[in-house]
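Every number here is computed from the coordinates shown, using simple stated rules; none is lab data. Keep in mind the model is a prediction, meaning the values are calculated, not measured. Cβ sites come from the backbone with ideal geometry, for glycine too, and all protein chains shown count toward neighbours.
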Amino acid sequence: MKELTKQELETLKKKLEDFENQTYKDTGMKSLNGGYAKAEMFDYDDEFIDFELQWGCQDMGSGESMIHTEQHKISRVTWEIQ
């Protein structure tokens, strides 16, 4: 398996930050106190980088919390998220 290069890691960091920010807005978490979105890489191979996206709302005193988790892939060639 081909190791991730420094350039790939920099590109990945930016892509994950952009995906987090877009998810934060699109899901309405931006409007909620305690809302969040976080994306982290967990695996990769020669073709794809796998990451997990978690978004939701933390308990801010109401006793309710919501967590949504999904997994995605990024192509190491095109940098498109699948």
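What the table shows:
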| item | result |
| --- | --- |
| On Cα atoms only, tilt of 6-26 relative to the major axis of the chain in degrees | 30 |
| Calculated [θ] (222 nm, deg cm²/dmol) that DSSP helices of n ≥ 4 give over the chain, each run adding -39,500 (n - 2.57) | -9000 deg cm²/dmol |
| Distant-in-sequence amide H partners of L4 (H built 1.01 Å from N, under 5 Å) | none |
| ³J(HN,Hα), Karplus 6.51/-1.76/1.60, whole Hz, each residue of region 34-51, x for Gly, Pro | x, x, 7, 8, 9, 10, 9, 5, 10, 6, 7, 9, 5, 9, 9, 10, 8, 9 |
| Options [x] 29; [y] 21; [z] 43 - which one matches percent of Cα pairs over 23 Å apart as calculated here | [x] |
| Cα centre as origin, Lys/Arg/Asp/Glu Cβ charges: region 6-75 dipole, Debye | 400 |
